[in-house]
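Before any comments, here is the structure.
The values are calculated or read from the model by the stated rules, or taken from the named source; none is laboratory data. Everything numeric in this text was worked out from a predicted model, so none of it was measured. Here the Cβ positions follow ideal geometry from the backbone for every residue, glycine too, while neighbour counts run over all protein chains shown. Surface areas here come from the heavy atoms of the whole protein model, side chains and all, with no ligands, DNA or RNA. Shrake-Rupley method; radii C 1.70, N 1.55, O 1.52, S 1.80 Å.
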There are 2 protein chains.
Amino acid sequence: MAASMDTTPTWTIAQIADEFGVTHRTVRHYEDLGLISPERRGTTRVFHRRDRTRLNLILRGKRLGFPLEEIRTIIDLYDAPLGKRSQLEYVLAQIDDRRADLEQRRRDLEDALEELDTFERRCRAELTSGGRSAY
Amino acid sequence: MAASMDTTPTWTIAQIADEFGVTHRTVRHYEDLGLISPERRGTTRVFHRRDRTRLNLILRGKRLGFPLEEIRTIIDLYDAPLGKRSQLEYVLAQIDDRRADLEQRRRDLEDALEELDTFERRCRAELTSGGRSAY
DNA sequence: GTATTGCCTTACGTTTACGTAAACGGAAAC
DNA sequence: GTTTCCGTTTACGTAAACGTAAGGCAATAC
């Protein structure tokens with residue numbers, strides 16, 4: 001028999017945690033909530049590409065401020081077979097909700113960034129004005 | 001004497017809570033954390049424009065996913081006298097941090113919205129294809 | 001052999017952001 | 001006068017997202 005035909009890479013929990021900048025506990029927590037379900041070899045977790053993809057989605061979802069439970073439904077939605085049309089209308093509605101949410105966030109963000117700009121300019125003006133501020 | 005010269009409007013906690021879509025408890029909580037400090041007439045809170053401005057900032061900060069404590073430092077930063085140049089460099093550094101954060105979030109958001117788009121298109125294609133999906 | 005290393009589970013602790021109940025005060029309504 | 005709304009404080013409760021031991025198993029390191 002040929003030596004090791006399977007070429008798909010795998011990772012340990014330590015590598016995953018390290019690479020994604022989280023703790024083991026966090027990774028296990030995500031598994032507890034059903035956000036990821038890494039393979040098991042015996043009792044040990046073995047991570048595949050799929051798990052990394054999901055972890056990326058999870059972390060992005062977090063940065064966007066979504067609770068983990070919602071993140072689960074979202075990435076499950078992405079993973080769905082897409083063959084069962086019975087639920088497509090529902091899914092589309094979900095998507096609309098999600099988009100509305102995201103677009104509100106985007107408006108917030110644009111506003112915040114803009115204000116940072118003007119504020120920074122005010123600060124810099126102060127700095128270069130030589131210090132004569134109208135007390 | 002003329003009747004009531006002072007024309008600046010004020011609000012009660014109920015009006016504020018109602019208008020901003022939060023509870024009394026939430027408003028008081030924000031006061032506990034020093035995010036707002038409404039006037040007191042006797043024991044009762046009286047809200048002014050300034051408080052509403054801050055509440056808007058707070059809620060936006062929340063939608064952006066910032067913890068309340070951070071939000072406090074941010075809006076305090078906006079409110080700062082801007083006369084004490086001693087701290088301006090520090091403030092500018094803070095602003096840079098904040099901007100980096102916000103810009104990461106923006107990238108996340110753009111990605112998410114884009115993926116929603118393509119996903120929705122896939123769904124709609126499924127729907128209008130008449131249902132002949134390759135089982 | 002045993003000591004270290006890496007992984008595992010179980011389970012209680014912690015922080016954040018409020019919810020919620022209890023108990024009280026003052027003004028208006030009847 | 002007393003009931004009914006506002007408003008108040010105090011204080012315990014809770015959900016989410018992990019942190020942090022505590023204890024155990026299995027493989028490599030010496």
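Below is a table of values for the structure above.
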{"quantity": "B:GLU103 of a type outside the set (Gly, Ala, Ser) and within 10 Å of chain A (Cβ to nearest Cβ)", "calculated": "yes"}
{"quantity": "1 or more residues away from DNA strand D (no atom under 12 Å from the Cβ), more than 24 Å from B:GLU115 (Cβ to Cβ) and away from chain B (no Cβ under 14 Å): qualifying helices (runs of 4 or more DSSP H) within segment A:1-81", "calculated": "A:13-20"}
{"quantity": "Segment A:82-100 - residue that is open to solvent by less than 80 Å² (accessible area, probe 1.4 Å) and at the interface with chain B (Cβ under 7 Å from one of its Cβ atoms) and, of those, modelled with the highest pLDDT", "calculated": "A:ARG99"}
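Okay, residues lined up against (1) more than 8 Å from DNA strand C (Cβ to nearest atom); (2) in contact with a strand residue (DSSP E or B) (Cβ under 8 Å, 6 or more places away or on another chain):
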{"residue": "B:PRO9", "(1), (2)": "yes, no"}
{"residue": "B:THR23", "(1), (2)": "no, no"}
{"residue": "B:TYR30", "(1), (2)": "no, no"}
{"residue": "B:GLU39", "(1), (2)": "yes, yes"}
{"residue": "B:VAL46", "(1), (2)": "yes, yes"}
{"residue": "B:ARG49", "(1), (2)": "yes, no"}
{"residue": "B:GLY61", "(1), (2)": "yes, no"}
{"residue": "B:GLY65", "(1), (2)": "yes, no"}
{"residue": "B:ARG72", "(1), (2)": "yes, no"}
